[in-house]
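One structure is given here, and the rest of the page talks about it.
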Amino acid sequence: MAHGSNGEDLLYCFGCNERFRSSDLRGNCPRCGLPAEEVGLTEDGPTFLWKSADHWASRQPRPSEHSTDMTDLIGDRVGDYEIQSLLGRGGMGYVFHARHVHLDRNSALKILAPELVCKDPDYLDRFIHEGQAMAAMQHPNIVSIYDIDRINGYQCLDMEYVPGRSLQQLIRDHRLPVERILFLGAEIARGLAEAHNQGILHRDLKPDNILMTLTGVPKIGDFGLAKRLTPGQEQQLLPAGTPHYMAPELFQGGQPTPATDVYALGVCLFQMLAGRVPFSQPGMNALIGVVTAQPPPSLRVLRPDIPLEMAEVIHQMLDKVPENRPKTGIEAAAMLDAVIGGLPDLQTLVNEAFEFEPTVLWKPVGATFELEVKLSRGRHQRLKIEASGESAREKILKISSLCCPAVPQFYEKALRLNDRITHGALMIHEIDGVPWFVMQNCYPRFTVDAEEVRRSVLEIGFHADAIEKELTGEDRN
């Protein structure tokens with residue numbers, strides 16, 4: 001077992017192509033459960049499958065050897081950037097949360113480890129290529145890049161700071177509703193579509209390389225292995241990436257194409273639904289054998305609550321034959337959007353949420369739904385559910401309840417109450433020319449299922465009634 005410079009045990013998983021630190025490794029990857037690799041543990045670099053683990057082990061220094069600990073930069077300035085904290089480290093260096101002093105904006109500053117440039121100039125070429133590839137794309141589902149430069153002797157990429165977490169962290173901590181997984185997949189596919197439109201292959205799409213904004217928008221990052229396809233020119237690209245997400249043809253000497261990125265998207269969707277990758281074997285040869293020869297497990301067996309159409313689309317993305325998959329991110333997004341269009345409508349969602357909830361009465365009123373929640377001590381509260389937005393993926397679900405008229409003598413107490421509320425927010429809306437305190441929460445339609453709607457209605461109703469009682473002592477709404 002290898003050890004880090006601080007004495008911690010290090011675990012390397014060849015399938016996830018990730019290093020882990022843990023005091024209780026037990027010889028297995030904490031993510032996929034595969035046995036740890038004692039050779040091939042590298043501080044840098046992606047998994048290049050045409051080289052053996054022994055080659056990488058001999059070519060690259062162990063973490064305790066010759067590696068610059070760049071965390072010493074935290075608290076210092078690099079050019080115009082104040083280095084505030086370490087966000088992570090990857091195959092080519094460190095990513096810091098930094099602040100651009102003159103522009104007064106946050107940045108994710110990626111700095112290439114200096115020893116890599118000395119050891120192999122190819123790392124610098126890949127680093128610059130990553131910046132150029134990302135700069136060519138401007139899309140809400142791709143991390144933006146602002147600048148690439150050599151600063152104080154360091155090669156730096158100034159990237160958009162995404163103050164959320166990775167998709168890998170999200171699916172590790174939560175079992176996501178099917179609707180949200182479907183919408184996330186469609187958004188990621190749209191990011192891939194932009195890359196493919198620009199003739200760029202990502203080649204290492206996986207949940208670790210997808211960042212989630214605080215509002216739940218996925219953004220594809222880490223284009224360190226990206227390649228631009230030149231029309232009319234044949235490019236022989238050596239297979240590279242993360243084994244769990246690599247398409248079968250890459251293991252058989254085939255060339256990467258947009259369909260190999262689509263395969264990786266299919267693995268991501270499978271993992272979001274099932275909590276595991278479709279194929280995992282203790283050893284590279286065994287993994288290659290199942291990826292190239294065996295069909296993926298049935299999603300409908302692992303996750304019976306998913307729509308048949310959704311399972312079919314994902315299994316098509318995972319087809320062994322590239323020609324049978326959606327050919328690009330554009331086609332993948334279109335297929336996922338078609339499934340989204342077949343999601344249950346709002347009435348079906350509301351009916352499922354309250355079919356067995358005796359404390360909630362509801363009825364449709366035009367395009368909205370009016371509800372009455374029965375509370376303790378004979379109190380009650382009326383709510384409204386409505387959806388806005390043109391397309392299914394743009395719809396916003398709004399759950400709201402009137403509390404009482406917003407008269408000035410209530411303002412100070414209302415502000416104090418709002419500060420204590422953890423679900424929803426108290427705001428002022430004008431209704432028929434009269435300002436009212438309204439308890440409200442809004443969700444992207446794809447983030448909620450029937451159970452979330454039920455819980456949200458009960459919580460909004462409880463809080464709205466408590467505010468009405470606190471401010472007026474009455475039970476009118």
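Read-outs: derived from the displayed coordinates by stated rules, not from any lab. Keep in mind the model is a prediction, meaning the values are calculated, not measured. Every residue, glycine among them, receives a Cβ derived from its backbone with ideal geometry; neighbour counts consider all protein chains shown.
With r as the distance between the Cβ atoms of Q409 and V217 and R0 = 51 Å, compute the FRET efficiency 1/(1 + (r/R0)^6) and round to 0.05. Walk me through the numbers on the way to the answer.
Values: r = 41 Å, r/R0 = 0.80.
So, using R0 = 51 Å, E works out to roughly 0.80.
Using θ = phi - 60° in the Karplus curve 6.51 cos²θ - 1.76 cosθ + 1.60, the 3J(HN,Hα) couplings for segment 82-87 round to 8, 7, 9, 6, 8, 8 Hz; x is entered for Gly and Pro. In terms of its C-alpha gyration tensor, segment 364-477 comes out prolate, because a/c is 1.5 or above and the ratio a/b outweighs b/c. Counting 0.36 nm for each residue step from D305 to R228 and taking away their Cα separation leaves a gain of 23.8 nm. Please list, or write none, the lysines whose alpha carbon is within less than 19 Å of the alpha carbon of K219, excluding same-chain residues fewer than 8 places away. Output for K219: K110, K206, K227. Fully extending the segment from Q347 to A425, taken as 0.36 nm per residue of separation minus the present Cα-Cα distance, adds 25.6 nm.
Bridging of K395 to aspartates and glutamates at a Cα separation below 20 Å is possible for E179, E187, D337, D345, E352, E370, E386, D449, E451, E452, once same-chain residues fewer than 8 apart are set aside.
Cα gyration tensor of segment 305-426, axes a ≥ b ≥ c as square roots of the eigenvalues: rounded (a/c below 1.5), prolate (a/b > b/c) or oblate? The shape class here is prolate. Listed by chain and number, the aspartates and glutamates whose alpha-carbon sits under 15 Å from that of K320, ignoring those within fewer than 8 places in the same chain, are E249, D261, E312. Anisotropy class assigned to segment 70-159 is oblate, per the alpha carbon gyration tensor with a/c at or over the 1.5 cut-off and a/b no larger than b/c. Evaluate the Debye formula for segment 166-340 with equal point scatterers sitting on the alpha carbons, no solvent, and hand back log10 of I(q)/I(0) at q = 0.09, 0.17, 0.19, 0.20 Å⁻¹, in q order, two decimals. The computed values of log10 I(q)/I(0) come out as -0.27, -1.05, -1.33, -1.48.
Between R276 and K119, residue separation times 0.36 nm minus the direct Cα-Cα distance comes to 52.9 nm. 3J(HN,Hα) along segment 399-415: 10, 9, 8, 6, 9, 5, x, 8, 7, x, 5, 8, 4, 4, 5, 4, 5 Hz, from the Karplus curve 6.51 cos²θ - 1.76 cosθ + 1.60 with θ = phi - 60°, whole Hz, x for Gly and Pro. 3J(HN,Hα) couplings calculated from phi for segment 218-224 with the Karplus curve 6.51 cos²θ - 1.76 cosθ + 1.60 (θ = phi - 60°) are, in sequence order, x, 10, 6, x, 6, 9, x Hz; Gly and Pro show x. With each label modelled as a point 7 angstrom along the Cα→C-beta vector, the C32-I128 pair spans 3.4 nm. With a cut-off of 10 Å between beta carbons, the residues surrounding L397 carry a summed charge of +1, where Lys and Arg count +1 and Asp and Glu -1.
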